[in-house]
Amino acid sequence: MKLRDLTFKGGVAVSDNKGLTNHLSIESAEEPSIVMIPLHQHTGAPCEPVVKAGDEVKVGQVIGQSQAFVSAPVHSSVSGTVKEIASMAIPTGPTVDCVVIESDGKNTMDKSIRPNGKLEDLSPEELIQIIKEAGITGMGGAGFPAHVKFSPPAEKKIDTILIDGAECEPYLTADHRLMVEEPEKIIYGLKVIMKAVGVDRGIIGIETNKPDAIKALKEASKDEENISIATLKVKYPQGDEKRLIDAILGRQVPSGGLPMDVGAVVSNISTTRAIAEAVMEGKPLYERVVTVTGRGIKNPKNLVVKIGTPFKDVIQQCGGFNEGAPGKIVMGGPMMGISQYSIDVPVIKGTGGILVMTEEEAKPEPMHPCIRCGKCIEVCPVHLQPLYLSSYSLKGDFDRAEALHALDCVECGACSFQCPSKRPLVESIRLAKREIIANRKKTN
Ligand code: SF4
Ligand code: SF4
């Protein structure tokens, strides 16, 4: 099958600003002196601590665990001493219990960490168990436990695993660098997922603005007859999993549905690489590549950072802030990232980037009345009507917003980006979604 520059209907062209870091090799961050590791950094049940103040821990040791199926264990990223378990703010907003560990700087590995053997000798059930015990969650931001995603109900017939190599969010280059520097691991991780789910077709979708990544993955997969590389048009939000399925497979996930409803499972590059490491090396998810970038930072970098490292340490290792910064600090990119009000928060499994904008860049543009130009409708990749959804939300009429499928909004921000009147579209739709979900919980 020849796959070329595929795409979906809608979306926007954004300045990708990836030139700040897309040429920079991944470096290891300095060992943090202290880490704060959240016990709830994934979708699903929070973990309970299995260590207490005063305990000695090793790198990769389990420090938080839950019996719930939809959850993911949490591991220590350093060797050292547990100082306390305390409630702290994390970059996704809420305050959660964190295990605070002082590093001894020795990086002593937990002795349970060892390779799991050859992929051909491991059964799908064993692979799912390895992924679960490694605490792997979606590293593109949603934080959904990977072992749950890879265990679809028997009635859902999956025929394709898609890997999101689009990395369409401006500024972020962690996945790009991983594709260039570790393509064999990405292919290995894809083969693990294919075997775990019982599928014999894998496709990696990459936007054409990453020719070096396309070349590296084509080379790494040249002997894999069940794996192909799909080149995608550069357009935001190409990396959204439902847009990826539409672009590559030509299938539309129904309203309220999931990729498995159309026979697909989607994983992102960092997650796929973490899965490869879990099987090959027995390594749990205790560190990740983070793009530290933006015109507000002195020396942008792609860094391997231990989970739990405070943002301020990472920023310091990149030379600190430029003059006139920070106007705004975001976890992730400018379109779907989360604004931060403190740099004391820790890096979590879903931290793909730390973006520092200057004051000038962060200045809000004045808002004007809606001129009914319809541009927000044109670009919405989900084919919603953002102007009406937003207007109902601002009036508190959440029933009408629900009737117009507000819950299908993927909060990509394309509508707000395109709106000439600078209406707060995504913010108000997000509010409507929260209210609709809260109302549903109340009435159930
Ligand atoms: S309504 Fe939602 S899905 Fe549609 S463009 Fe706006 S943020 Fe994206
Ligand atoms: S893009 Fe903005 S101004 Fe145009 S219709 Fe949508 S909300 Fe109104």
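The values are calculated or read from the model by the stated rules, or taken from the named source; none is laboratory data. On a predicted model such as this, the values are computed, not experimentally measured, just so you know. Using ideal geometry, Cβ is built from the backbone for each residue, glycine included, and neighbour counts are taken over all protein chains shown.
Output yes when any residue across region 366-383 is touching a Phe, Trp or Tyr at 6+ places or on another chain (Cβ under 7 Å), within 14 Å of ligand 1 (Cβ to nearest atom) and touching a residue at least 12 places away in the same chain (Cβ under 8 Å), and no when none is.
Going residue by residue through region 366-383, those that are touching a Phe, Trp or Tyr at 6+ places or on another chain (Cβ under 7 Å) are 381.
Those still in the list that are within 14 Å of ligand 1 (Cβ to nearest atom) too: 381.
Subset that is touching a residue at least 12 places away in the same chain (Cβ under 8 Å): 381.
The answer is yes; a qualifying residue exists.
Return yes or no: is G140 assigned by TED's automatic domain parsing to the domain that holds T231, under 16 Å from the mean Cα position of the chain (by Cα) and in a loop (DSSP other than H, G, I, E, B)?
Numbers: assigned by TED's automatic domain parsing to the domain that holds T231: yes; under 16 Å from the mean Cα position of the chain (by Cα): yes; in a loop (DSSP other than H, G, I, E, B): yes.
When the stated conditions are applied, G140 passes them.
Can you spot a residue in region 105-121 that is at pLDDT 95 or above, surrounded by 18 or more Cβ atoms within 10 Å (Cβ to Cβ) and part of a strand (DSSP E or B)?
no
If you go through region 94-104, how many residues are within 15 Å of P46 (Cα to Cα) and either in a loop (DSSP other than H, G, I, E, B) or in contact (Cβ under 8 Å) with a residue 12 or more places away in the chain (or both)? Working first, answer last.
Taking region 94-104 first, the residues within 15 Å of P46 (Cα to Cα) are 94-99.
Subset that is either in a loop (DSSP other than H, G, I, E, B) or in contact (Cβ under 8 Å) with a residue 12 or more places away in the chain (or both): 94, 96-99.
The qualifying residues number 5.
Given the conditions (1) under 21 Å from the mean Cα position of the chain (by Cα); (2) not in a helix (DSSP H, G or I), which single one is not true for G19?
(2)
Identify all residues within region 32-61 that are of a type in the set (V, I, T) and under 23 Å from F311 (Cα atoms); write none if there are none. Working first, answer last.
Within region 32-61, the first condition is being of a type in the set (V, I, T), and the residues that meet it are 34-35, 37, 43, 50-51, 57, 59.
Hits for region 32-61 are I34, V35, I37, T43, V57, V59.
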